[in-house]
1. Name the lysines eligible as straight-distance cross-link partners of B:LYS169: C-alpha to C-alpha under 25 Å, and not fewer than 8 places from it in the same chain.
2. Among B:CYS160, A:CYS108, rank each residue by its count of other Cβ atoms within 10 Å, from fewest to most, as a rough exposure measure.
3. What are the radius of gyration and Dmax of segment A:224-277, computed over its Cα atoms and given in Å?
4. Would you grab the residues whose amide H sits under 5 Å from the one on A:ALA96? Only those 5+ places off in sequence or on another chain, please, with H modelled 1.01 Å from N.
5. For segment A:191-288, run through the trypsin sites (Lys or Arg not before Pro) and keep only the ones in DSSP coil with at most 13 other Cβ atoms within 10 Å of their Cβ.
6. Given R₀ = 51 Å, FRET efficiency for A:LYS116-B:GLU40 by Cβ-Cβ distance, to 0.05?
7. What is the dipole size for segment A:224-277, taken about its Cα centre, with +1 at each Lys and Arg Cβ and -1 at each Asp and Glu Cβ, in debye to the nearest 20?
8. Taking the simple approach of a point 7 Å from Cα along Cα-to-Cβ for both B:LYS174 and B:PHE11, what is their distance in nm?
Amino acid sequence: MFSCVIALGLFAGIRTAGAAKLTAIVTILQGSATVIRAVSEFGALEGVRLLPDDLIRTDKDTFLRIEYEDETWIELGPETQLELGHPTDKRANRPALYLLTGWLKLGCAKSDSGAKNSLASTGMDLSDLSGTLIIRTTDSTHMIFAEQGTARWIDRAPHATGSVTLNRGEFLVTGEGKSPKLQSRPAPDFVSSLPFAFRDSLPIRYALFAQRNVVAKDPRALAYSDAEPWIDAEPSIRRQFVVLWRRKATEDQAFRASLDRNLPLHPEWRRVLHPEDYDADGTLIRND
Amino acid sequence: MKLLLKFNLVFFLLFALGIGASGYISWQLLQQDARDEVAENARQMMSVAIAVRSYTTKQIKPLLETQMIYSFLPQSVPAFAATEVLTELRNKYPNYQYKEALLNPTNPRDRAVDWEADIVNQFRNGQAKGELLGVRSTPAGSSQYFARPLTITDSACLVCHSTVDAAPKPMIDKYGPANGFGWNFNETVGAQIVSVPTDIAFERANKAFVTFMGSLVAVFAVVGLFLNLLLWRMFVRPVTKISALADRISLGELEAPDVQVRSRDEIRTLAESLARLRKSMAQAMKMLES
């Protein structure tokens, strides 16, 4: 019964997406990946439609390629977590495309409207993107390579004003508390660990799947372990999930218990989990 | 001199003239065929090399462009592709060679050796144009080379071969900054050289010549033997018998038996004439005696 509800929810999401301006399609999947959509998740398949705000996680040794109708494409390497959005879209004045961790290769389509491409990751934005760009994000470091185009790196740390422009072929290494280091060539360890599929220019396959209706694989309820990296992400990105998963947190006791157990990592959930700790004005009255 | 000996002397003379003329003509034809075959093999090999270069430029290189940003792949270089493909052929045909000989190559294996450098310089200073064919001796035997100049007519070549700064960094990583730079547009920087062994074709031609001439001699010998036999049976033997009969008649043996000739030809006519002569003589003798 619950599976049917999830399936209906996913189907409704796809119908809604059909009306959306830009629907993404998984056009290549080597390995396995999971898509979190609202309060459910499912296994990715080639041909599956993806919606803005879908959270995508690839597993070890996985390569996944997502394409838009306008020939913008996103490739994900192994063990990557991404919040999907078209690179020209914005959400709350920040880029809609957000890389939490892992490998991402972005191919920007030429825009007739002049809309600028951008993406974000922990503590940084990349704006004015053109051509092809590769980013590797780990807990402490960002490595950015302007393979074919240009990009502007912007530090989002509080009070930071720094920005660096990457031209074609340039490589930038940044990290929390580190000053950005621009190099004329990618570092050897970056090249040696680059997912092999990132080395090729792959053909656009959107049209192959555009008329197919691929049903999501193994739909199921969202598990806390899958949501956790996003719940504990940097504040600017994780706040949206309080709204998105508030109802689940009140109805799913296991989810709620896990949230409560790790509350210091995401204190904004306290108002949802323990409303009794706040007075009518929203002021915290218990601080234990 | 006996008739058979005369005949054989004439026959041998004609036989020797025939063998000599046939030998000369067939030798010339077979040698020319061998030369043409070697040249054709070289041209075909050159055509394969050109086709591989074109295929690499049009179809392989675009596919590898992204990979080339990270590491230099010589497989995308037309010269490398052609050399590799034709080197594979050497597994089966070890004395066939293809080389893109350059005076200042990026890949050291393409550096022109002395005789190759001579060919390149002939193209560079205008002594040779278009194609150059020649034969040279090698430790493995005689070899025919077929060469075409490599001239920079595509400015895309200069991306990798003009200056170290302009060249792709992964290429510098692989081959270093010392060689393969300073090329200019419209400059002949090397030559495509195909080497094909001539010995095989000429050995084949020689073998064909020996076989042909041996067959010809055998045919002449059989024909000569047959003609001797025929001559002996048809002329020598009956004429000898007729001669013996004539001798006996002349010695007065008018009762000697006639020579029996089965054939219906001049020899039989001669035998019959001798028989009539003998009868006439016998009758004349009887008339004289009576």
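1. The qualifying lysines are A:LYS105, A:LYS181, B:LYS58, B:LYS61.
2. Details: B:CYS160 18, A:CYS108 24.
Arranged by neighbour count, lowest to highest, B:CYS160, A:CYS108 become B:CYS160, A:CYS108.
3. Every Cα atom of segment A:224-277 included, Rg and Dmax give 9.9, 28 Å.
4. Close amide H contacts, sequence-distant or interchain: A:ASP89, A:LYS90, A:ARG91.
5. Numbers: sites: A:ARG199, A:ARG205, A:ARG212, A:LYS217, A:ARG220, A:ARG238, A:ARG239, A:ARG246, A:ARG247, A:LYS248, A:ARG256, A:ARG261, A:ARG270, A:ARG271, A:ARG286; in loops: A:ARG205, A:ARG212, A:ARG286.
Those that pass, being in a loop and sparsely packed, are A:ARG212, A:ARG286.
6. On the way: r = 62 Å, r/R0 = 1.21.
Efficiency, from the Cβ-Cβ distance: 0.25.
7. On the way: 9 positive and 10 negative charges, 33 e Å.
Dipole of segment A:224-277, to the nearest 20 debye: 160 debye.
8. 7.5
Readers should treat all values here as calculations from the given coordinates under stated rules, not as data from a laboratory. Quick caveat: nothing in here was measured; it's all calculated off a predicted structure. We place every Cβ from the backbone using ideal geometry, glycine too, and count neighbours over all the protein chains shown.
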